[in-house]
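**Q** Dropping the structure in here first, questions after.
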Amino acid sequence: MLNLVKSLINSRIITEDSTSWGEGFGRGLPIIHQESCLADCPKCENTCPTGALKNKVINPRGCIFCHSCLRSCPVNAITETEIPVISSSVSTEQLGQELRSKLKKDCRRSLHIRYVDAGSCNGCDFEINSVTNPVYDIQQYGIDFVASPRHADMLLVTGSVTRNLEIALQKTYEACPKPTLVVAVGACACGGGIFKEAYAAGGGVGKHLPVDVYVPGCPPTPALIIKGILAAIDRG
Ligand code: SF4
Ligand code: SF4
């Protein structure tokens, strides 16, 4: 437990190391069972499209939950984490209540977010849009999405930061009043994701801005995005 807390403090990554970080995904994080794994078998590593699986270790920030590694293993040495799905109205309500009390305590009842698409495929953007739909409705708890970075307490960034958007993202960050919280949403924003090796991809938000929270997934669910926002408020 102590090691986990130390790693959270040092890595600035909230969602990656949490034992419940698979919550809200349709699939769990792959787990490699080293005791069953064949020495010198390269199949899972070769099949991983993002390079998240290296030397028989999976980096959750790069994983897109495709489960190619599970299917490629000849001895079934890879399984997935259990997924407590956040879909019931009770869980959504609980998230809302947590948001309400944190905003009241730490943010003078409101939080303003500037959302920036820094070259995503729009999958993550659809999920961000969903946090304001009637199911999640985070605006009722005091969160608002603002048009100007000058009014923002937090930047929510999707995409790997493509070359064309690098300067725009930097200028948006500079225009925010400091301190600014930065939340990277989705595998691309966390480390490049599926576009990691592409010539115009920027390798993720962490290479360009100081990130407070990484929310993995391709794309992450609205519930997980809300959890990322909550985690960022804790760090603010
Ligand atoms: S990206 Fe796909 S192949 Fe790579 S570790 Fe994740 S689930 Fe496995
Ligand atoms: S993480 Fe997945 S859904 Fe999000 S922008 Fe990248 S490819 Fe699209």
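Here, each number is a calculation from the coordinates, and none is a lab measurement. Just so we're clear, the structure is a prediction, and the values are computed from it rather than from any experiment. Reconstructed Cβ throughout: ideal geometry from the backbone, glycine too, with neighbour counts over all protein chains shown.
**Q** May I ask for the percentage of alpha-carbon pairs in the range 89-235 that lie more than 21 Å from each other? Show your work: numbers first, answer last.
**A** Working: 4045 of 10731 pairs.
Distances greater than 21 Å cover 38 percent of the Cα pairs.
**Q** How much length is gained if the chain between Lys171 and Val135 is pulled fully straight, taking 0.36 nm per residue apart and subtracting their Cα-Cα distance, in nm to one decimal?
**A** Gain on stretching Lys171 to Val135: 9.6 nm.
**Q** Rounded to the nearest 20 Debye, what is the dipole magnitude of the range 30-80 about its Cα centre when Lys and Arg each give +1 and Asp and Glu each give -1 at the C-beta?
**A** 140
**Q** Sticking with this structure for a sec: At R0 = 22 Å, how high is the FRET efficiency between Lys207 and Ser148 if r is their beta carbon distance? Nearest 0.05 is fine. Provide the component values of the computation, followed by the final result.
**A** Details: r = 25 Å, r/R0 = 1.14.
So, using R0 = 22 Å, E works out to roughly 0.30.
**Q** What ranking of Arg71, Arg27 emerges when the number of other C-beta atoms within 10 Å of each C-beta is taken as an exposure proxy, fewest first?
**A** By the 10 Å Cβ count, ascending, the order reads Arg71, Arg27.
**Q** If you wrap a convex hull around the alpha carbons of the range 158-236, what volume per residue comes out, as a whole number of Å³?
**A** 74
**Q** Taking H placed 1.01 Å from N in the peptide plane, check which residues at least 5 places from Tyr115 or on another chain put their amide H under 5 Å from its amide H.
**A** Result for Tyr115 returns Val146, Leu156.
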